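FYI, it's all coordinate maths here, none of it is from the lab. Small disclaimer: the values here were computed from a predicted structure and weren't measured. Here the Cβ positions follow ideal geometry from the backbone for every residue, glycine too, while neighbour counts run over all protein chains shown.
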Amino acid sequence: MPRLASPPMLAPAGVLVAAFIVLAQTPAARLTGRITDPSGGVMPGVHVRVTNLDTNQSHEAKSNGLGDYTIPLLQPGVYSLEANARGFRAYRRPEITLAVDQILRLDMTLEVGATAETVTVTEEVPALNTEIGTRGDVTSNQELTEMPLAGRNFSDLAYLTGGVLPKGEDGDGAFAINGARADNVGFVLDGMNNTQRRNTGSVASPPLEGVQEFKMITSGFSAEYGRYAGGILSVVTKSGSNRYRGALYEFLRNDIFDARGFFELDKSKLRRNQFGATLSGPVSIPKLYNGKDRTFFLFSWESLRQISGVTQRGITPLPEFLQGDFTKAVDAYGKPLKLNDPLAKAPFPNNRIPASRFDPVAMNLAAYYPAPSINGSVNNYYAAANSSNNWDNFSIKGDHSITARDRLTLSVFWRPNNSFNPFNRSPIETFGSTTQTLDLL
């Protein structure tokens with residue numbers, strides 16, 4: 001008979017599981033490699049330091065007995081690297097670019113010489129990934145700012161990754177990857193789970209100006225993303241640096257710049273204003289606190305104000321129909337229709353319903369139907385109205401370096417949305433609807 005573990009035996013296992021959960025998904029990069037001398041022998045105890053060129057924050061490590069070193073939890077960005085050991089020249093690389101979720105292997109060979117001497121290596125680090133089998137593409141900040149994006153939605157660039165396709169018309173999710181269902185794609189934002197539980201889309205979508213880069217992972221991802229069979233969209237937002245930076249922008253689209261479409265009677269109305277601002281830098285309070293090299297902030301805001309002209313063709317009752325006169329009623333083939341009296345079980349005389357048979361509630365509803373605008377009884381109403389789409393998107397991020405190994409990051413994403421549909425699945429412009437939502441992470 002099998003034996004079950006007692007609660008005291010299960011407790012240590014629970015602690016181990018909790019520890020692994022804490023170490024789960026992070027968008028940070030990792031630098032690893034092996035250090036050798038000119039003869040190929042491994043070098044333990046070599047001091048390695050990488051420094052972020054924007055924030056001047058350093059991360060350090062020492063090579064182990066096998067000459068291997070690892071520096072984890074590096075924010076995507078540009079770094080410099082130095083390696084020092086007694087009796088060897090200092091090894092230096094002025095620029096190393098690390099991307100989101102990247103594991104970069106950089107092996108080094110130190111030359112014999114005085115410690116004061118420095119060997120500077122400027123050649124590019126090989127881009128070949130030899131550490132993990134993850135497949136996917138990183139979209140850099142330069143691509144985000146220079147690629148054309150009509151709606152300024154950065155996730156549209158994910159379709160440039162091989163195997164990523166739009167979802168089905170009525171399906172949940174956002175992307176279909178390598179044939180998997182679109183609702184099997186996960187979203188990660190600054191290491192946080194950003195996947196909606198209801199339709200498996202993203203909860204928050206930060207302003208484009210606040211995004212550093214993102215990685216579309218399509219296969220071979222590690223166990224931390226094991227809950228998703230399709231792929232992962234991992235996004236990293238920008239952080240502040242030692243320099244104050246700011247920007248203001250607006251993108252305008254207006255129908256006065258447009259030509260009339262070939263099949264349009266008139267130009268559809270369009271007023272689209274997309275505008276925003278960003279501000280970042282060190283947290284500094286005069287005479288109280290100087291956050292240079294230590295505490296940083298970034299604020300990003302983007303808003304949309306859009307009015308769009310929309311048209312619909314539909315069917316509305318002829319005025320005589322609303323009075324009970326159906327002498328002109330025909331079917332789809334143009335043949336006259338006969339109305340039968342359900343009480344008398346015979347046709348109404350002259351195809352007219354007596355006013356005494358009208359329901360008062362139905363008559364009140366009939367007053368809301370507009371008169372036909374086109375001759376005929378089929379598709380006899382043409383409606384033109386304006387829809388609106390307004391939202392404000394805010395992103396606030398703070399970074400604080402507690403020690404060389406400990407870093408605190410706080411992020412808030414807030415986006416209220418307000419839209420108006422004049423038709424709401426009704427082609428006669430009678431029952432419009434307003435939708436208000438709030439995305440918060």
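Structure values in brief
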quantity	calculated
Karplus (6.51, -1.76, 1.60) ³J(HN,Hα), θ = phi - 60°, over region 317-334, in Hz, Gly and Pro reported as x	x, 5, x, 5, 4, 5, 9, x, 9, 10, 5, 9, 5, 10, 8, 5, 9, x
In region 350-407, the chymotrypsin sites (Phe, Trp or Tyr not before Pro) that fall in loop regions by DSSP, at most 14 other Cβ within 10 Å	358, 368
Computed over region 317-369: relative contact order in percent, which uses C-alpha pairs under 8 Å that are six or more apart	34 percent
Spacing of the two label points (7 Å from each Cα toward its C-beta) at residue 379 and residue 400, in nm	6.5 nm
In region 351-412, the trypsin sites (Lys or Arg not before Pro) that fall in loop regions by DSSP, at most 14 other Cβ within 10 Å	405
Residue-count net charge about residue 56 - beta-carbon cut-off 13 Å; Lys, Arg +1, Asp, Glu -1	+1
Relative contact order %, the chain, counting alpha carbon pairs below 8 Å whose residues are six or more apart	11 percent
For region 135-237: rounded, prolate or oblate by the Cα gyration tensor [a/c cutoff 1.5]	rounded
Residue 366/residue 437 FRET efficiency (R0 30 Å; Cβ-Cβ; nearest 0.05)	0.30
Rounded if a/c under 1.5, otherwise prolate or oblate - region 317-369, Cα gyration tensor axes	oblate
Over 26 Å between alpha carbons, listed pairs 287/397; 215/397; 267/328; 167/215; 167/397	267/328; 167/397
Candidates 96, 256, 232, ranked by Gaussian network fluctuation over the chain, Cα under 10 Å, top entry	256
